[in-house]
Each structure stands twice: as structure tokens, then as C-alpha cells.
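Since the structure comes first, as C-alpha cells, the remarks are kept for the end.
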Amino acid sequence: MKITGIVAEYNPFHNGHAYQIKKAREVTGCDYCIAVISGDFVQRGEVAVFSKYLRTKMALLCGADLVLEIPSIFAVSSAEDFAAGAVALLDQLGVVTHLCFGSEMGESERFMETAAILADEPDSFSTKLKEGLSEGLSWPQARVRALEAEGISDLGNFLETPNNLLGVEYCKALIRQKSPILFYEREMDTTARILQENLPPLPLSAEKSLKKNRIFPFFYRRCLMKYVLSLRQKSLCSRKICLIC
């Protein structure tokens, strides 16, 4: 039996997420799909647009078989801790065979090569990293130079894009936790692929559920939804949420 895990926030859930679940099932040939998501607080420390219960319902109605919550201590942490907590959750289930994630690059080998060095940094890497920092380079720049010194060439902006960065952290977590889970990475071009493949509309049951909960279903019919969430004076009670189509 094959069971695929997906790490996400679904903040909010849109057609791109439905597409990912659909493709994850196709490429891994899995029998079930498990999504682990942030709770009411997401990675940047913001309050989620919709409650974790409604976002869970959206995912279940659109292809996921089981949705589990990433503990908040990991959900609001750095990319490294976010990935480590999510992978640990999937790994400790003892049934997940694959981890599927999207990236801006689409080169699976590059992810594992980079993660292998970062998971157990050799002394030569640490020395080169410190040299770069002492020369005034930013930490990301110094890390790229140190990785290139270890033989990983043409990194460019590989670690500057969010999904690539998370992908490396997922692979690093798999290595450090000695997990048997296999990873499958897919280059992201969600908008174009959804249009090309004519992703079917939201299932009627899901749309009825959203209407019942007074959630506007229009963002399901579009590829992306823009939204702005701002916190005023660091008070959760005074937050202002704007949904812009």
C-alpha cells in the first residue's frame, strides 16, 4: 500500500492545492493521501484566514483522505523547524511511503545533494561559511558560497525561493530522522498547468458546504486568490482581513 504525505497551510485552500493533491496521487500511485497543515497560526506568525477546521474540511472535500495538524510550535517556526516538525509527524505515523512537494526548480537531485551537506555539515563547509560571514556576506550568500565550495555548482537563486528552500528542508529532515519515506518533487507552474489541464470545478458537495459556511466559492474557480492580512498594533483582536479577488 502506498500513502503519500503533503505538507501545507491551505491559507486559504485554492485550485492550486487541489491540483497538487490530484497530481500527487497520479505520480506516486498512492492509495491514500495525508495532508499535514498549520493550525490557526501559520508559518509567518499570522492568524490563518480561515479556521483550521474549515480548511481541513476544504482539503477533505477536495481529495485528501486525512488531515492532521502540525503543532503550533513548529508551524510558526523557521523553515527548518517547520519542515522538521511536519516530516516527524508523517514519519511517526509509520504508514507514509512518499512525501510530495512542489518547487520552483524541478531538479530532484539538486535537493538531495544540498540537503545531504546541510544535514551533517562537514568542517570544510562550516569554515567556508564563517569566512563568508566575516567578509560581510549575508548568511544566505555565505551559505551558497560554502555549498559551491563543496562541489554543488550553479546554485544561483536556488535557495532564495520559498518552495525550493522548504523542499531542501524537507529532504534534510528526512535524512536527519533516517526516515524511509521517499520524496517526490515537482516543478511548480500551477497557474499554467491548471489552465492547460482544465481542472474540473469544485465538487458540488464542497461548494454547497462552502456556501453553507458563507465562504465565497469564487476563489476555487480561479487559479490564485490575492489576500491581505494585517495585524494592527500587535493585537489579534484588531486584525483586519481583506479578501481581494
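The values are calculated or read from the model by the stated rules, or taken from the named source; none is laboratory data. Quick caveat, the model's predicted, so the values are computed rather than measured. No Cβ is skipped: glycine too gets one built from the backbone with ideal geometry, and neighbour counts run over all protein chains shown.
Annotations
- Restricting attention to region 56-74, the residues being in a loop (DSSP other than H, G, I, E, B) and out of contact with any strand residue (DSSP E or B) (no Cβ under 7 Å at 6 or more places or on another chain) number 2.
- Region 90-103, residues that are in contact with a helix residue (DSSP H, G or I) (Cβ under 7 Å, 6 or more places away or on another chain) and outside any strand (DSSP E or B): V96
- Pairs with Cβ under 8 Å, 6+ apart, first in region 59-74 and without any contact (Cβ under 8 Å) to a residue 60 or more places away in the chain, second polar (S, T, N, Q): V67/T56; E69/S38; S72/S38
Rundown of residues vs (1) assigned to a loop (DSSP other than H, G, I, E, B); (2) within 24 Å of N15 (Cα to Cα); (3) of a type in the set (F, W, Y), yes/no style:
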residue	(1), (2), (3)
C33	no, yes, no
L54	no, yes, no
S77	yes, no, no
A88	no, no, no
M105	yes, yes, no
E109	no, no, no
A115	no, no, no
S124	no, no, no
T127	no, no, no
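- Within region 13-59, being farther than 19 Å from A86 by Cβ and either touching a helix residue (DSSP H, G or I) at 6+ places or on another chain (Cβ under 7 Å) or surrounded by 23 or more Cβ atoms within 10 Å (Cβ to Cβ) (or both) holds for H14, N15, A18, Y19, K57.
- S134 vs. criteria under 14 Å from E150 (Cα atoms) and polar (S, T, N, Q): no
- Inter-residue pairs, beta-carbon under 8 Å, first under 20 Å from E169 (Cβ atoms) and of a type in the set (V, I, T) and in region 117-144, second modelled with pLDDT under 95 and not in a helix (DSSP H, G or I), 6+ apart: I117/E150; I117/I152; V144/L155
- Just so you know, in region 60-86 the residues that are crowded, with 18+ Cβ neighbours inside 10 Å and of a type outside the set (A, V, I, L, M, F, W, C) include one that is farthest from the chain's Cα centre (by Cα), and it is G63.
- Selected residue (criterion: modelled with the highest pLDDT) from residues of region 153-176 that are assigned to a loop (DSSP other than H, G, I, E, B) and either small (G, A, S) or under 12 Å from A115 (Cβ atoms) (or both): S153
- Of the residues making up region 37-52, just one is out of contact with any Ser or Thr (no Cβ under 8 Å at 6 or more places or on another chain) and not in a loop (DSSP other than H, G, I, E, B), namely V47.
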